[in-house]
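All remarks here apply to the structure that follows.
The values are calculated or read from the model by the stated rules, or taken from the named source; none is laboratory data. Predicted model, so just to flag it, every value in this text is computed and none were measured. Every residue, glycine as well, gets a Cβ built from its backbone with ideal geometry; the counts of neighbours run over all protein chains shown. Remember, those area values only see protein heavy atoms, side chains included, never the ligands or the DNA or RNA. Shrake-Rupley method; radii C 1.70, N 1.55, O 1.52, S 1.80 Å.
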Amino acid sequence: MHELNHTQIAQRLDQLTELSVALGSSPDIGSLLDRILSVARHMTDADGGTLYRPSPDHLSLAFYISQNDTLGLYQ
């Protein structure tokens with residue numbers, strides 16, 4: 001893991017602040033979760049990420065959002 005410089009730390013804090021404001025004000029859960037995944041991937045330098053939600057019967061998990069830069073995947 002590489003060490004962050006002051007600019008990178010400031011950018012990450014700005015992103016987290018924006019997300020925290022959106023958590024309290026955004027009625028659109030889908031776009032909020034998409035944004036959370038994108039910011040988390042950016043902060044961790046991840047190539048991809050997936051969010052799951054409980055299935056309607058709450059017995060399993062189902063794909064909700066999947067992103068992968070290398071595969072060009074955005075669902």
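Close Cβ contacts (under 9 Å, 6 or more residues apart or on different chains) running from residues in the stretch 43-55 that are farther than 20 Å from Leu71 by Cα to residues that are of a type outside the set (A, V, I, L, M) and open to solvent by 50 Å² or more (accessible area, probe 1.4 Å) comprise Arg53/Phe63; Arg53/Tyr64; Pro54/Ser60. Taking the criterion of being of a type outside the set (Lys, Arg) and under 18 Å from Leu13 (Cα atoms), the residues of the stretch 34-45 that qualify are Ile36, Leu37, Ser38, Val39, Ala40, His42, Met43, Thr44, Asp45. Residues that are basic (Lys, Arg) and either touching a Phe, Trp or Tyr at 6+ places or on another chain (Cβ under 6 Å) or in contact (Cβ under 8 Å) with a residue 60 or more places away in the chain (or both) do not occur anywhere in the stretch 3-14. Across the stretch 18-70, which residue is least open to solvent (accessible area, probe 1.4 Å) among those that are among the hydrophobic types (A, V, I, L, M, F, W, C) and touching a Gly at 6+ places or on another chain (Cβ under 7 Å)? Taking the candidates together, the pick is Leu37.
Among the residues of the stretch 56-71, just one is assigned to a loop (DSSP other than H, G, I, E, B) and closer than 19 Å to Ser31 by Cα, namely Asp69. If I filter the stretch 15-47 down to residues being modelled with pLDDT of 85 or more and not in a helix (DSSP H, G or I), which single residue comes out as nearest to Leu4 (Cα to Cα)? Once the filter is applied, the top-ranked residue is Asp45.
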